[in-house]
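Chemist: Shown below is the structure under consideration.
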Amino acid sequence: MKPYLKKKSINGWPLFWLISAPLSTGMIVAITKADLSTGEGISSLIQLSVRCAVPLLYTAFLASSAHSLFSSDFTAWILRNRKYFGLCFALAMAWQAVFIIWMVGASTNYYANEVFVLRDLIEGLLGYIVLVPMALTTFKFGRRLITRKQWRLLHKTGIYYLWAYAFSVYWWEIFYYRDPVFLDYAFYWTGLLAWGLRAAAWTKARRNSIGNSSAGAPLHRLAGPLGLAVASIGIGAASFGSAWVQPSQEILYGYALTRIPEAFFPYWPFEPFLPLLVIGVGCLLIGNADDWKNRTNASRV
């Protein structure tokens, strides 16, 4: 695949146009076919733009991790073109912004009565607040305005926030609303896989940085299997959210102290991410097992 993947036509800006041209053409065709006199018609355009955007977001999100874990010509191609996948995602979200503004202006009553939720509005606005500077700082003129450390912080924080927004939307669709379609499942599991690749790449990097040792205390020998067990529990919880979402609602909601975050704080109280926290603890145990082992061996010496 290497000679093919190095062709100019599928790298850099040609790849951007290869993706963005049919994407925008599809949006224009959808506009001509939608019933723009109704809120439902405009809402269908918003949904279409999101469905075009999410795969591009996930591709940019998993690029470096996939290449770290499965180094190949294909993963190198994805990593090399991560910037352009991200810009295509930004374009799709620009279409979404156009349709949202269109709905607010043309179908205000529908938006106010059927769509508007304050916390959802805050989450969406924050997404655009991070997306716009991320897009601008992919270019040289924008990158010169901030330091390298600020650039890394912006892009790492931003990509996690945008991934979390998409992932949480589809978590709610399949585990709470009870009327999911095939794409809801596909985008949820793909989003979970993308995060899982990041977690696995971190664990691999952590173990490589610590190094391996042949001896260790019993605690250290158990750390790896314990980490795998904890991560497996998290994967099970992420797979069967419908089994615990209702009890969690009763535990996590309804307190006087949580009324403000429930109304304003993005993702609160983080139900979609609780299984990921458990998986993260498992990865932490696995990733640090050798560190604990080496420290014990050093103390013995």
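Every read-out reported here was derived from the displayed coordinates using simple, explicitly stated rules and does not represent laboratory data. Only a predicted model underlies this, so the values are computations on that prediction, with no experimental measurement involved. Virtual Cβ from ideal backbone geometry, glycine too; neighbours counted across all protein chains shown.
Chemist: Which value at 222 nm does the chain reach when only helices count, each DSSP H run of 4 or more adding -39,500 (n - 2.57), with the total divided by all residues and rounded to the nearest 500 deg cm²/dmol?
Modeler: -26000 deg cm²/dmol
Chemist: A further question on this structure: Over 25 Å between C-alpha atoms is what I'm after, so list which of LYS6/LYS149; LYS2/LYS156; LYS6/LYS140; LYS8/LYS83; LYS140/LYS204 land there.
Modeler: From LYS6/LYS149; LYS2/LYS156; LYS6/LYS140; LYS8/LYS83; LYS140/LYS204, over 25 Å: LYS6/LYS149; LYS2/LYS156; LYS140/LYS204.
Chemist: Another question about this same structure. Can you give me the Cα centroid spacing of region 231-271 and region 92-116 in angstrom?
Modeler: Their Cα centres are 28 Å away from one another.
Chemist: DSSP loop (so not H, G, I, E, B), at most 15 other Cβ within 10 Å: list which trypsin sites (Lys or Arg not before Pro) in region 1-99 pass both filters.
Modeler: LYS6, LYS7
Chemist: Given region 121-192 reduced to its alpha-carbon atoms as identical point scatterers, what log10 I(q)/I(0) does the Debye formula return at q = 0.13, 0.24 Å⁻¹?
Modeler: -0.49, -0.99
Chemist: Here is a follow-up. Roughly how many nanometres apart are two label points built 7 Å out from the Cα toward the Cβ at VAL117 and LEU18?
Modeler: Distance between the two pseudo-spin positions: 3.8 nm.
Chemist: Where does the Debye-calculated log10 I(q)/I(0) of region 121-257 sit at q = 0.22 Å⁻¹, using only Cα point scatterers of equal weight, no solvent?
Modeler: Reported log10 I(q)/I(0), two decimals: -1.30.
Chemist: Moving to a separate point now. Based on the Cβ-Cβ distance from LYS140 to THR32, what FRET efficiency comes out when R0 is 51 Å, to the nearest 0.05?
Modeler: 0.85
Chemist: Once you wrap a convex hull around the alpha carbon atoms of the chain, what is its projected area averaged over all directions, in nm²?
Modeler: That works out to 20.6 nm², a quarter of the Cα hull's surface.
Chemist: Using 0.36 nm times the number of residues separating GLN246 and TYR267, minus their current alpha carbon distance, what extension gain do you get?
Modeler: Working it through step by step, the gained length comes to 5.9 nm.
Chemist: What distance in nm lies between label points placed 7 Å from Cα along the C-beta direction at ASN11 and LEU69?
Modeler: 2.6 nm
Chemist: Here's another thing I want to ask about it. Quick check on the exposure proxy: order ASP73, ASP184 from fewest to most C-beta atoms within 10 angstrom.
Modeler: ASP73, ASP184
Chemist: By count of other Cβ within 10 Å, fewest leading, how are MET27, MET93 ordered?
Modeler: Arranged by neighbour count, lowest to highest, MET27, MET93 become MET27, MET93.
Chemist: Could you line up GLU40, GLU271 from fewest to most neighbouring Cβ atoms inside 10 Å?
Modeler: GLU40, GLU271
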